[in-house]
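The values are calculated or read from the model by the stated rules, or taken from the named source; none is laboratory data. Owing to the predicted nature of the structure, the values given are computational and were not obtained by experimental measurement. Don't worry about glycine lacking a Cβ; one is built from the backbone with ideal geometry, like all the others, and counts go over all protein chains shown. Surface accessibility is based on the protein's heavy atoms, side chains included, excluding ligands, DNA and RNA. Shrake-Rupley method; radii C 1.70, N 1.55, O 1.52, S 1.80 Å.
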Amino acid sequence: MSRVARGVPAAVLVLGVLAAAGRTPAQPELPPARDEAILPPAAYTTPDGRALAEAHAAELAAVRADLAGCPAGLALQRHGIAFRRSRGNPDTRPHLVVWVWLDAASSLGRNPVARAGDAFRRHGQPLLRRLLARPAVFADPRVGGYGLVLSWLGPITVAGRPVAESLAVFADKLAAANFAHDTIGPAAFLARAEVRVFDGQTELQAPRIPIDDSADLVAPPAC
């Protein structure tokens, strides 16, 4: 996985999804040390995000430890665990976000939106369940909800370099909890969330993720 991550172009391919929260790496990469999976408080540019990172440092470390058992096809981005806002809704309260890289084998669809649907079927609910397993974060009124950023290498190359595709999903606490606990299905959840799909640096307008609530989700992986 580290070989794949180092081959991805600039991090702007994905970071356009997120509000800036301190310095970001020149290119997506796996954290060289476990501690670098978490954005440190000093790297936040907003006081509310910094306050949440300080207040929930133990919870963020628990999320990192929980995700350490993920299979080889899924890896945390450096500073991928953080309290962030989506640039689509900059006035919302910070969300607890996890950003992961998926092995290319996880992306089976024929186009970026279909591949985003495949990625979400496999990893969306398991990852949200792990984030929601931190009750102190859920109970904190300063936290607006939860976010997932799933990135993978698409089939297209530019100048011989692979192009990253990404799905970003930001949702309020109630929607995330209902989906994590099977009260609502994936399509209903995505209809209540902010959903953005990126093909390289290009954001796809009004993507409709091909997920049907009547269909079973793919059996969740270990993570």
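Taking the criterion of being under 18 Å from T202 (Cβ atoms), part of a helix (DSSP H, G or I) and at pLDDT below 95, would at least one residue in segment 119-135 satisfy it? Taking every residue of segment 119-135 in turn, at least one turns out to be under 18 Å from T202 (Cβ atoms), part of a helix (DSSP H, G or I) and at pLDDT below 95. Within segment 147-173, being open to solvent by less than 10 Å² (accessible area, probe 1.4 Å) and either closer than 21 Å to D213 by Cα or among the polar types (S, T, N, Q) (or both) holds for G147, L148, L150, S151, S166, L167, A168, V169, A171.
Selection over segment 159-203 of residues that are touching a residue at least 40 places away in the same chain (Cβ under 8 Å) and at positive phi gives a count of 1.
Candidates are the residues of segment 86-112 that are surrounded by fewer than 18 Cβ atoms within 10 Å (Cβ to Cβ) and closer than 17 Å to P210 by Cβ; the one that is modelled with the lowest pLDDT is L108. The residue list F83, F138 contains one member that is modelled with pLDDT of 90 or more, open to solvent by less than 30 Å² (accessible area, probe 1.4 Å) and closer than 25 Å to N178 by Cα, which is F83. With respect to being under 23 Å from A75 (Cα atoms), touching a residue at least 12 places away in the same chain (Cβ under 8 Å) and either not aliphatic (A, V, I, L, M) or not in a helix (DSSP H, G or I) (or both), R208 falls outside the description.
Screening A164 against (1) at pLDDT 90 or above; (2) of a type outside the set (V, I, T); (3) over 20 Å from Q125 (Cβ atoms); (4) touching an Asp or Glu at 6+ places or on another chain (Cβ under 7 Å) leaves a single unmet condition, (4). Screening E203 on (1) part of a strand (DSSP E or B); (2) touching a helix residue (DSSP H, G or I) at 6+ places or on another chain (Cβ under 9 Å) shows it passes everything except condition (2).
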